[in-house]
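Q: Dropping the structure in here first, questions after.
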Amino acid sequence: MRRFPRISRFAVLLAVSTVLVVAVADQSPVFAQSAAKGASGLPLPRFVSLKSRRVNIRVGPSTDYAVSWMYMKEGLPVEIIQEYDNWRRIRDAEGTEGWVNQALLSGERTAVAAPWMRGKGQDVFVNVRRDPQSSGQLLAKLEPGVIVRIKECNGTWCRSEAGSVQGWVNQGEIWGAYPGEAFK
């Protein structure tokens with residue numbers, strides 16, 4: 001009868017974990033390129049806007065749950081961070097989270113001009129430019145908190161509309177588009 005050397009459990013665990021680490025490391029670029037998808041098949045997280053002028057935010061994904069907050073602004077951008085059936089867990093620019101029925105959300109992209117700068121002084125503005133570059137002609141200055149409609153983003157600049165003013169805003173100065181996100 002042939003005898004095999006005795007291998008400790010530690011050695012076996014070390015060998016298995018090394019193989020797993022190498023296998024996962026080989027796959028990491030694939031994982032980095034794929035976004036998480038919700039039950040709807042759409043990516044998570046993602047930005048949308050409120051479709052209605054009055055939207056109840058609930059503590060859970062059903063009308064059986066209590067209302068914790070009510071939004072009173074149509075077009076407000078929110079971020080969908082979770083999905084359950086017809087319900088979407090959202091987060092606003094201030095970090096408030098709650099559940100909303102999907103029927104109250106719109107795929108139209110909007111953004112808030114520099115919400116983190118509210119109350120920082122009178123000389124704080126987000127510039128709207130004719131062209132997507134810092135040297136572009138200045139068309140308007142938006143106060144922090146102003147909501148704009150986003151038509152497209154190129155990863156650095158977003159073509160937007162605020163009232164009758166249409167132009168480009170720096171993507172890093174709005175909340176409603178991810179850094180580097182490009183879409184039309």
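Coordinate-derived values only; no laboratory data. Nothing here was measured: the structure is a model prediction, and the numbers come from that model. Here the Cβ is made from the backbone with ideal geometry for all residues, glycine too, and neighbour counts use every protein chain on show.
Q: Quick one: which residues, 5+ away or cross-chain, put their amide H under 5 Å from the amide H of residue 39? H built at 1.01 Å from N.
A: It is 83, by chain and number.
Q: Using the Karplus curve 6.51 cos²θ - 1.76 cosθ + 1.60 with θ = phi - 60°, what ³J(HN,Hα) values do you get for each residue of segment 54-59, in whole Hz, with x for Gly and Pro?
A: Here the 3J(HN,Hα) series is 10, 10, 7, 9, 10, 7 Hz.
Q: If I stretch the segment between residue 51 and residue 123 completely, what's the gain in nm (0.36 nm per residue apart, minus their alpha carbon distance), one decimal?
A: Residue separation times 0.36 nm, minus the Cα-Cα distance, leaves 22.7 nm.
Q: Enumerate the amide H contacts of residue 68 below 5 Å, restricted to partners 5 or more residues apart or on another chain; note that Pro and chain-start residues carry no placed amide H.
A: When sequence neighbours closer than 5 places are left aside, the close amide H contacts are 57, 58, 59.
Q: What Rg and what Dmax come out for segment 37-108 when only alpha-carbon atoms are used, in angstroms?
A: 10.9, 29
Q: Non-local amide H neighbours of residue 174 (under 5 Å, H modeled in plane, Pro and chain starts lacking H): which ones?
A: The answer is 114.
Q: Separate question: If the label point is 7 Å along Cα→Cβ of residue 154, which residues in segment 91-109 have backbone nitrogen under 12 Å from it?
A: Taking a point 7 Å out along Cα→Cβ of residue 154, no residue of segment 91-109 has its backbone N under 12 Å.
Q: Count charges around residue 56 for me, please; just the other residues with Cβ under 15 Å from its Cβ, Lys/Arg as +1, Asp/Glu as -1.
A: Summing Lys/Arg as +1 and Asp/Glu as -1 gives +3.
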